[in-house]
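To start, the structure under review is shown below, and the notes come after it.
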Amino acid sequence: MGIHNSDDISAAAFVIKNPTIKFTKLFINGEFVDSISGKTFETKDPRTGDVITRVAEGDKEDVDLAVKAARQSFDHGPWPRLPGSARGRIMMKFADLVEENVEELAALETLDAGKLFSVNKARDIPHAASSLRYYAGAADKIHGEVLKMSRELHGYTLQEPIGVVGQIIPWNYPSVMFFLKVSPALAAGCTMIIKPAEQTPLTALYYAHLAKLAGIPDGVLNVVTGLGSNAGAAISSHMDIDAVSFTGSTEVGRKILQAAATSNLKVVSLELGGKSPLIIFEDADVDIAADLALFGALYNKGEICVASSRVYVQEGIYDEFVKKLVKKAKAWVVGDPFDPKVQQGPQVDKMQHEKVLSYIEHGKREGATLLTGGRSLGEKGYFIEPTIFSDVNEEMLIAKDEIFGPVMALAKFKTIEEAIKRANNTRYGLAAGIVTKDLNVANTVSRSIRAGTIWINCYFAFDNDIPFGGYKMSGFGKDYGLEALHKYLQVKSVVTPL
Ligand code: TAP
């Protein structure tokens with residue numbers, strides 16, 4: 001293991017990819033504008049900590065302007081009144097434009113978030129376009145029901161767009177999250193204000209530009225970059241926003257819910273943190289299971305809400321599994337995310353880097369065994385070695401808290417009952433994985449785990465058509481699937497005497 005190309009990070013990246021930063025202002029009512037205060041904030045390259053550019057810092061007054069534009073466009077503009085098929089056609093055009101610019105968008109995302117360029121180009125950005133297409137296809141299939149007549153009444157329901165929507169997203173999947181929020185809301189006929197995370201504002205602004213080119217009317221999609229405590233809080237407490245869809249930490253999710261409760265009781269959906277277990281039974285192919293566990297914990301540098309950060313392995317294969325896992329972890333390549341050979345880039349920022357390292361110190365102090373990793377890598381930037389602890393129990397902080405970094409907590413179990421009990425011993429309930437060849441075991445465990453998604457013999461198996469969301473303190477409301485449309489629709493009942 002070791003940092004790859006660490007000496008020449010900037011040269012390698014900027015000469016080859018060098019994305020130009022074209023959009024740094026707020027996007028309100030179809031125009032790029034400065035913030036009212038004129039304030040800006042820095043966005044940094046996590047490979048070096050250097051400033052990439054400054055971006056307009058929106059706050060309450062800018063959110064007010066964006067809401068005004070979205071309200072006007074919802075109450076009087078064409079978007080909610082267009083036939084679904086017409087909205088769908090514009091969304092398809094939007095998707096085409098995203099794909100046409102995939103290289104530049106992938107490079108921007110790597111620069112801003114430290115995510116692998118190859119993965120952004122092959123998966124994240126195409127996936128973002130495919131979300132748009134999925135919901136574009138649904139836009140003309142939104143309809144209510146004719147209800148049974150009872151007594152002398154005839155009734156039917158209408159599925160109406162919920163109105164002006166606020167969307168607040170995190171930094172770990174800036175493009176995917178942007179389109180998971182925006183696509184179903186557009187299909188439903190809503191208008192929206194989206195706030196990207198302060199660490200990763202660049203691709204969201206680029207998408208605003210493409211939305212305009214695609215023909216999305218002014219005021220429908222507004223992007224307010226800024227800080228959570230300011231612009232974010234202004235969205236969640238706004239009196240004229242009808243619903244807020246949030247993805248981020250459980251701590252901030254709680255604040256969003258409080259703000260909705262003390263303002264206008266807007267509808268809230270929360271996609272929050274996780275501490276997902278992966279349970280490996282002793283009939284598994286040990287080599288494949290070790291690959292899956294490593295991938296589950298380290299993919300996207302562990303900055304993924306469903307990371308398999310707790311791995312439970314049955315005792316019969318435990319020793320062999322550990323040997324293979326550690327060997328593979330030592331061969332995992334950390335370095336410049338523009339380099340196609342690299343598997344793990346830097347953590348998103350200094351704060352996240354320090355947070356992950358401090359959890360690693362906790363793990364050592366709590367008595368877990370450090371099998372590999374545990375250190376920061378390189379002279380500059382926010383790189384961390386893939387880190388694996390064994391002998392972890394659920395009382396330890398490294399098993400309780402979401403670390404959001406390349407850190408795996410490993411434990412041995414004897415029986416299926418023990419595995420289920422320990423996997424459920426968490427306040428989170430986002431996802432879980434099971435590795436076994438035994439269908440009965442897979443069925444029993446998948447029904448017994450309190451989590452919103454269960455992956456059997458696979459991990460991170462996302463699809464536009466598969467609803468995704470949490471149980472317990474991982475939140476409520478679904479992204480993905482036709483389920484996500486319901487966050488942006490409300491049902492009206494119409495009744496008439498026969
Ligand atoms: P947070 O710190 O919760 O930030 C998420 C967003 O909320 C950011 O845009 C942030 O603004 C904003 N925010 C912060 N304080 C706010 C406030 N008081 N009012 C309104 N908005 C506020 O999360 P993060 O660190 O960006 O992302 C990591 C977390 O997201 C992890 O817990 C992870 O599990 C979770 N996550 C969950 C999922 C799903 S689908 N469940 C997916 C990805 C990530 P700033 O830009 O100023 O920070």
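What follows is calculated from the coordinates using simple rules that are stated; it is not laboratory data. Since this is a predicted model, take the numbers as computed values, not measurements. So basically every Cβ, Gly included, is an ideal-geometry build from the backbone, and we count neighbours across all protein chains shown.
Name the residue from P277, A293, G253 whose Cα lies farthest towards the positive end of the charge dipole of the range 154-295, charges +1 on Cβ of Lys and Arg and -1 on Cβ of Asp and Glu.
G253
Please find the FRET efficiency linking H209 to A261, where r is the Cβ-Cβ separation and R0 is fixed at 30 Å, and quote it to the nearest 0.05. Kindly include the intermediate steps, with their values, before the conclusion.
On the way: r = 36 Å, r/R0 = 1.19.
Once the sixth-power term is evaluated, E becomes 0.25.
What distance in nm lies between label points placed 7 Å from Cα along the C-beta direction at E99 and L147?
Label at E99, label at L147, 4.2 nm between them.
Identify all aspartates and glutamates with a Cα-Cα distance to K68 below 19 Å; exclude those on the same chain that are fewer than 8 residues away in sequence.
Straight-distance partners of K68: E31, D34, E57, D59, D218, D240, D242.
Taking θ = phi - 60°, what integer Hz values does the Karplus form 6.51 cos²θ - 1.76 cosθ + 1.60 yield along the range 257-269, in sequence order, with x for Gly and Pro?
With the stated coefficients, the range 257-269 comes to 5, 5, 5, 5, 5, 8, 10, 10, 6, 4, 5, 10, 10 Hz.
Kindly flag which residue pairs out of K301/K421; K44/K195; K44/K400; K115/K437 have an alpha-carbon separation exceeding 23 Å in this structure.
K301/K421; K44/K400; K115/K437
Note the angle between two axes, namely the Cα long axis of helix 286-298 and the longest principal axis of the Cα atoms of the chain, as a number of degrees from 0 to 90, rounded to the nearest 10.
50 degrees
If you place +1 on the Cβ of every Lys and Arg and -1 on the Cβ of every Asp and Glu, how big does the dipole about the Cα centre of the chain come out, in debye to the nearest 20?
Values: 55 positive and 60 negative charges, 159 e Å.
In debye, rounded to 20, the chain gives about 760.
Between K323 and L439, how many nm apart are label points set 7 Å from Cα along the C-beta direction?
My value for the distance between the label points is 3.4 nm.
Taking the Cα centre as origin and putting +1 on Lys and Arg beta-carbons and -1 on Asp and Glu beta-carbons, what dipole magnitude results for the range 28-139, to the nearest 20 debye? Before the final figure, lay out each step's value.
Numbers: 15 positive and 19 negative charges, 116 e Å.
Dipole about the Cα centre, nearest 20: 560 debye.
So if I take the centroid of the Cα atoms in the range 155-183 and the same for the range 73-118, what is the distance between those two points in Å?
Distance between centres, Cα-based: 13 Å.
May I have the extent of the alpha carbons of the range 224-346 along their three principal axes, as whole Å values ordered from largest to smallest?
58, 35, 16
Determine one quarter of the surface area of the Cα convex hull of the range 35-135, which equals its mean projected area, and express it in nm² to one decimal. Present the calculation step by step, with values, prior to reporting the outcome.
Working: hull surface 32.7 nm².
Answer in nm², one decimal: 8.2.
When the Debye formula is applied to the Cα atoms of the range 277-465, each taken as the same point scatterer, what base-10 log of I(q)/I(0) results at q = 0.08, 0.09 Å⁻¹?
Here the Debye-derived log intensity ratios amount to -0.23, -0.29.
Rounded to the nearest 0.05, what FRET efficiency do S358 and N425 give with R0 = 30 Å and r taken as the Cβ-Cβ distance? Could you check? Could the numbers behind the result be given before it?
Details: r = 23 Å, r/R0 = 0.77.
For S358 and N425, the calculated efficiency is 0.85.
Which GluC sites (Glu not before Pro) from the range 23-81 combine a DSSP loop assignment with at most 16 other Cβ atoms within 10 Å? Mind showing how you got there, number by number?
Details: sites: E31, E42, E57, E61; in loops: E57.
Qualifying residues, ordered by number: none.
Pairs K181/K255; K25/K380; K39/K212; K327/K414: which are spaced more than 22 Å apart, C-alpha to C-alpha?
Working: K181/K255 19 Å; K25/K380 29 Å; K39/K212 25 Å; K327/K414 24 Å.
Too far apart for the 22 Å limit: K25/K380; K39/K212; K327/K414.
Would you work out which of G381, Y312, Q344 lies farthest towards the positive end of the dipole of the range 277-465, given +1 charges on the beta-carbon of Lys and Arg and -1 on that of Asp and Glu, about the Cα centre?
Farthest along the dipole direction, towards plus: G381.
Roughly how many whole Å is it from the C-alpha centroid of the range 362-421 to that of the range 428-498?
27 Å
Suppose we keep just the alpha-carbon trace of the chain; what are its Rg and Dmax in angstrom?
When restricted to Cα atoms, the chain yields Rg and Dmax of 23.2, 80 Å.
How much net charge surrounds E282 when only other residues with a Cβ under 12 Å from its Cβ are counted (Lys, Arg +1; Asp, Glu -1)?
Spelling it out: positives minus negatives among the neighbours equals -3.
Given an 8 Å cut-off on Cα distances and at least 6 residues of separation, report the relative contact order of the range 277-465 as a percent. Show your work: numbers first, answer last.
On the way: 348 pairs, mean separation 49.3, N = 189.
Relative contact order of the range 277-465: 26 percent.
Grab the other residues whose beta carbon is less than 11 angstrom from that of E418, score K and R as +1, D and E as -1, and report the net. Show your work: numbers first, answer last.
On the way: positive: K412, K414, K421, R422; negative: E315, E417.
Cβ neighbours under 11 Å give a net charge of +2.
I'd like the FRET efficiency for R254 and L227, computed as 1/(1 + (r/R0)^6) with the beta carbon distance as r and R0 of 30 Å, rounded to 0.05. Display every interim value, and only then the final one.
On the way: r = 18 Å, r/R0 = 0.60.
Rounded to the nearest 0.05, the efficiency is 0.95.
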